[in-house]
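The structure appears right after this line, and notes come after that.
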Number of protein chains: 2
Amino acid sequence: MIEVGIVEDNVKIRNLIQRYLDMQDNMSCKIAMDSVEEMLEYLKVHKPPNVMLMDIQLPGMSGIKGIEIIKKEYPSVEIMMLTIYHDSHKIFDSLVAGASGYLLKHTSLPEIKESIENLVQGGAPMSPQIARKVIQHFNQPKPEHKPESDLTAREQDIVNGLVDGLSYKLIADRFDISIDTVRAHIRNIYKKLHVNSKAEVIAKSLRGEI
Amino acid sequence: MIEVGIVEDNVKIRNLIQRYLDMQDNMSCKIAMDSVEEMLEYLKVHKPPNVMLMDIQLPGMSGIKGIEIIKKEYPSVEIMMLTIYHDSHKIFDSLVAGASGYLLKHTSLPEIKESIENLVQGGAPMSPQIARKVIQHFNQPKPEHKPESDLTAREQDIVNGLVDGLSYKLIADRFDISIDTVRAHIRNIYKKLHVNSKAEVIAKSLRGEI
DNA sequence: GAATAAACCGCATATTTATGTGATCTCATC
DNA sequence: GATGAGATCACATAAATATGCGGTTTATTC
């Protein structure tokens, strides 16, 4: 039996979902609050549900802040957002805060039910549009870098050595070349990157600017 | 009509999928190669398909590298991975490279078909398990740091100076303290972090390990 | 009120880094 | 076959870093 809790301030929607879910023979939905504060009050003296449906726009504390607190106190609760917001920022914040699913409010009741089942089985239910936005996050950083640094393969080797915290001597050993060669490469690297210390090279490299 | 291309080296699987998709009345699947290289060769003189199914383990170039090249040359192609790998690393790499969907090979043919339709409508088809892994990425950074480094505020100031590429002298100037004090702090920082060079401190810091 | 931690300062020195100048060899390009 | 870029090596030196030792002052804690 999956126990489901709801935090949603729209009474009509809340009652509708609660009744529908409670009617299912593999679910029970007795806990329905219209604010995070109330839910936290409830959880102080009761066992947490398995799954919690959470709105974002709520009286008092926002649902996103709510996720953080609830996940911290009761990490085993699976939280699914159920909201009208589909902007990347809210989606991202919700996931970072600890939500595992994200549905839009126009989702049909049977789909909500399925998503809850999916969630407890280790899935991460999202509408395809939401999934696409999540994925777009991975493609963002790309267009950022246009590094014309243009280091040679050998020079990149040396940079990697520096990033690994090696001294010139150890870099020389690693590549079986003389320390003066390492110096020569580093001189050229500095010229190309317009820097004049190891520190700057390491920082640039780890920031993805090379 | 959705035109679908396939890059998959297992002939049996490739033919099976190709025939099935080509049989659908809203799809056409004429382009099926067993390596990225062949696909690139083909694309030089033919119009790219709308959707491309891509394996990861391939003879020659890997599918992940393939995504990068194809997305760069033909950004409008929607790429969906179809692979046996379900480790976070491969999933992540694929998405960063530009894939928009990620299915496991045991997915049924009708589900593949649905996923393709979903993809062209702006969705991001993934199995629930994959979606969960993607989402876990957002929760990762949290438990990551358990750094008992425990630097004092002043020590953190100094570290920031190092990361900014400053010399001891410049750090001393920045905080209006003597260079010997900077040395003293750095000595303590090295002790706490178990390192013995600026380079390592900078690397640790930029990796979020402080 | 003793102990501890943090921030501050100084002196000394060995090691490492940054930078200059100059050279040889290979490979690709024109 | 000259030109140029890349990789290799050498010698030299000033500057910066790493590390040892020592110390004072000011909070906070027990």
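Observations on the structure shown:
- Picking from residues in the range A:176-186 that are outside any loop (DSSP other than H, G, I, E, B) and surrounded by 15 or more Cβ atoms within 10 Å (Cβ to Cβ), the one that is farthest from DNA strand D (Cβ to nearest atom) is A:Ile186.
- Among residues that are in a strand (DSSP E or B) and within 21 Å of the chain's Cα centre (by Cα), B:Leu103 is included.
- Subset of the range A:187-210 (residues that are near DNA strand D (Cβ under 9 Å from one of its atoms) and either under 16 Å from B:Ser205 (Cα atoms) or within 12 Å of chain B (Cβ to nearest Cβ) (or both)): A:Ser197, A:Lys198, A:Ala199
- Boolean, B:Gly66 is assigned by TED's automatic domain parsing to the domain that holds B:Glu38, in contact with a Pro (Cβ under 7 Å, 6 or more places away or on another chain) and either small (Gly, Ala, Ser) or at pLDDT below 85 (or both): no
- Looking across B:Leu58, B:Leu82, B:Leu40, B:Leu53, one residue alone is part of a strand (DSSP E or B) and at pLDDT below 95. It is B:Leu82.
- Test for B:Val159: is it more than 10 Å from every other protein chain (Cβ to nearest Cβ), under 31 Å from the mean Cα position of the chain (by Cα) and crowded, with 18+ Cβ neighbours inside 10 Å: yes
- Residues (out of contact with any Asp or Glu (no Cβ under 6 Å at 6 or more places or on another chain), of a type in the set (S, T, N, Q) and crowded, with 18+ Cβ neighbours inside 10 Å) located in the range A:28-61: A:Ser35
- Whichever residue in the range B:111-135 is among the charged types (D, E, K, R) and under 21 Å from the mean Cα position of the chain (by Cα) and, among such residues, is nearest to the other protein chains (Cβ to nearest Cβ): B:Arg132
- Failed item in (1) surrounded by fewer than 23 Cβ atoms within 10 Å (Cβ to Cβ); (2) part of a helix (DSSP H, G or I); (3) at pLDDT 90 or above, with A:Ser115 passing the rest: (1)
- Any hit, the range B:88-109, residues being surrounded by 13 or more Cβ atoms within 10 Å (Cβ to Cβ) and over 26 Å from B:Ile135 (Cβ atoms): yes
- Any chance A:Phe138 is within 11 Å of chain B (Cβ to nearest Cβ), surrounded by fewer than 18 Cβ atoms within 10 Å (Cβ to Cβ) and among the hydrophobic types (A, V, I, L, M, F, W, C): no
- Test: residue in the range A:156-164 that is assigned by TED's automatic domain parsing to the domain that holds A:Tyr85 and either among the aliphatic types (A, V, I, L, M) or within 12 Å of DNA strand C (Cβ to nearest atom) (or both): no
- Test: residue in the range B:144-154 that is within 11 Å of chain A (Cβ to nearest Cβ), under 16 Å from B:Ser88 (Cβ atoms) and at pLDDT below 90: no
- Test: residue in the range A:166-175 that is in a loop (DSSP other than H, G, I, E, B), within 13 Å of DNA strand D (Cβ to nearest atom) and within 19 Å of B:Ser167 (Cα to Cα): yes
The values are calculated or read from the model by the stated rules, or taken from the named source; none is laboratory data. None of the values given here were measured: they were computed from a predicted structure. Cβ: placed from backbone, ideal geometry, glycine included. Neighbour counts: every protein chain shown.
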